[in-house]
1. For T37, state whether it is free of Cβ contacts under 8 Å to residues at least 12 places away in the same chain, within 30 Å of T3 (Cβ to Cβ), open to solvent by less than 70 Å² (accessible area, probe 1.4 Å) and in a helix (DSSP H, G or I).
2. Exactly one condition in (1) in a helix (DSSP H, G or I); (2) over 19 Å from F123 (Cα atoms) is false for L23; which is it?
3. Considering only region 70-80, state which residues are farther than 25 Å from S115 by Cβ, without any contact (Cβ under 8 Å) to a residue 40 or more places away in the chain and either charged (D, E, K, R) or part of a helix (DSSP H, G or I) (or both).
4. Please specify each residue of region 81-134 satisfying the condition of being in a helix (DSSP H, G or I), open to solvent by 20 Å² or more (accessible area, probe 1.4 Å), within 25 Å of R16 (Cα to Cα) and of a type in the set (V, I, T).
5. What are the residues in region 1-26 that are at pLDDT 90 or above, under 16 Å from T92 (Cα atoms) and either of a type in the set (S, T, Y) or touching a helix residue (DSSP H, G or I) at 6+ places or on another chain (Cβ under 8 Å) (or both), if any?
6. Exactly one of these conditions fails for A48: (1) modelled with pLDDT of 95 or more; (2) over 21 Å from L129 (Cα atoms). Give me its number.
7. Could you tell me whether S28 is in contact (Cβ under 8 Å) with a residue 12 or more places away in the chain, of a type in the set (S, T, Y) and more than 24 Å from V10 (Cα to Cα)?
Amino acid sequence: MKTRFLNRRVGAMLLRNTVSSSLSFLASIGVLWLLVTYADMDEVLAAAIGFVAAQSVHYALARGWIFPESDRAVGTGYVIFLANAGLGMAITVSLYALLLDWTGMNYLLARLLVSVVAGLAMFLSNATLNFRKV
């Protein structure tokens, strides 16, 4: 198991995933900030909308750059990616709401911390179950 996940190939995929996730995260944060600041939307609902908005960008990068040459069909892969994103959204929104309720932490900082946990979970899920590269 250790050699399956801890090697250069997986490390390179994780690095590319980190870049892709960071770009997607910035899009998500931008949407969050716009909705909270200009639409006076609830922070948790705005975070969920921002999370969903960033997933198509992330899938395109995952498909072509993080996990190239996947044998999974594009349509099927996108559906599975969105299902994984749903799990990621559940993790994100739940942990985000808990941090906001229990700590009084700034909403943007809370979102950043939660993204690390959810991002690793989604990378492992997509690498093993969806794109089958690990």
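1. no
2. (2)
3. Correct list: V74, G75, T76.
4. I91, V93, V116, V117, T128, listed by residue number.
5. Scanning region 1-26 gives no hits.
6. (1)
7. So S28 fits the description; yes.
The values are calculated or read from the model by the stated rules, or taken from the named source; none is laboratory data. Fair warning: this is a prediction, and the values are worked out from it, not measured in the lab. When we count neighbours, we look across all protein chains shown, and the Cβ atoms used for this are built from the backbone with ideal geometry, even at glycine. Protein only, heavy atoms only, side chains kept; ligands, DNA and RNA dropped before computing areas. Shrake-Rupley method; radii C 1.70, N 1.55, O 1.52, S 1.80 Å.
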